[in-house]
Amino acid sequence: MIQKLEKNIQETDDWKNLCKATSVNDESCSLTESFISPLSFLAMGGVTDLESASQEDIDRAWSFFFHNKPLYKKFKALYSTRKDIAKTGKVTFMRSILNFGAPLNFKGVRYNDVTDRYNAQK
């Protein structure tokens, strides 16, 4: 479900104009910073194709990620608290983070930030 929602967002026509760019000279969406997914742990644990991954593969990737405290700490804002997960064995919520770039290019107009021509951005 999460993977499908994230894919839908990244495939919208305006995503390439809103996402955080790779650099000042490269306006393409940053693969690591424009969209931070709670599914990131999968690749860190060696799962590169969720569709073909077994439950065992997913569990192993999660275990690697969850028990690596410095790594988990970098992504902790994406999940319910580590204490709650350890206590219950369940993640009660996950969130994705979309980092927008500036200046924003929306419908062919570039804005410096939300305050630049505020009414026109509504």
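Database remark: amide H of Phe35 closer than 5 angstrom to the amide H of Asn99 (H placed geometrically; neighbours at sequence offset of 5 or more, or on other chains; Pro and chain starts carry no H).
Each listed q (0.27 Å⁻¹) maps to a log10 I(q)/I(0) for the stretch 38-89, found by the Debye formula over equal Cα scatterers with no solvent: -1.10. Across the stretch 43-51, coupling constants 3J(HN,Hα) worked out from phi with the 6.51/-1.76/1.60 Karplus curve, θ = phi - 60°, read 5, 5, x, x, 8, 9, 10, 4, 4 Hz, and Gly and Pro carry x. Legend: residue pairs Lys16/Lys83; Lys73/Lys107; Lys16/Lys76; Lys4/Lys76; Lys4/Lys90, Cα-Cα distance threshold 29 Å; pairs beyond threshold, Lys16/Lys83; Lys73/Lys107.
Rounded to the nearest 500, the helix-only mean residue ellipticity at 222 nm of the chain stands at -10000 deg cm²/dmol, with each DSSP H run of n ≥ 4 adding -39,500 (n - 2.57). Fully extending the segment from Asp49 to Asn8, taken as 0.36 nm per residue of separation minus the present Cα-Cα distance, adds 13.0 nm.
Were the residues from Met1 through Val109 laid out at 0.36 nm apart, the gain over their Cα-Cα distance would be 35.6 nm. Proximity of backbone amide H atoms, modeled 1.01 Å from N, is registered between Ser30 and Lys20, Ala21, Thr22 at under 5 Å, excluding neighbours fewer than 5 places apart on the same chain. Extension gain, Ser80 to Ser28, is 15.6 nm, computed as 0.36 nm per intervening residue step minus the present C-alpha separation.
What's the magnitude of the charge dipole for the stretch 38-89 around its Cα centre, counting Lys and Arg as +1 and Asp and Glu as -1 at the beta-carbon? Answer in Debye, nearest 20.
Values: 8 positive and 6 negative charges, 119 e Å.
The dipole of the stretch 38-89 has a size of about 580 debye.
Taken over the alpha carbons of the chain as equal point scatterers, the Debye sum produces base-10 log I(q)/I(0) values at 0.10, 0.16, 0.20, 0.22 Å⁻¹ of -0.41, -0.87, -1.13, -1.26.
Taking the C-alpha atoms only, the angle from helix 55-67 to the longest principal axis of the chain is near 80 degrees.
A Förster radius of 25 Å, combined with the Cβ-Cβ distance separating Asn68 from Ile36, puts the computed FRET efficiency at roughly 0.90. Among Phe35, Gly46, Ile97, which residue has its Cα furthest toward the positive end of the charge dipole of the chain, with +1 on Lys/Arg Cβ and -1 on Asp/Glu Cβ? The residue sitting farthest along the positive end of the dipole is Ile97.
All of the numbers you see were taken from the coordinates with simple rules; none came from a lab. Remember, predicted model here, so these are calculated numbers, not experimental data. Every residue, glycine among them, receives a Cβ derived from its backbone with ideal geometry; neighbour counts consider all protein chains shown.
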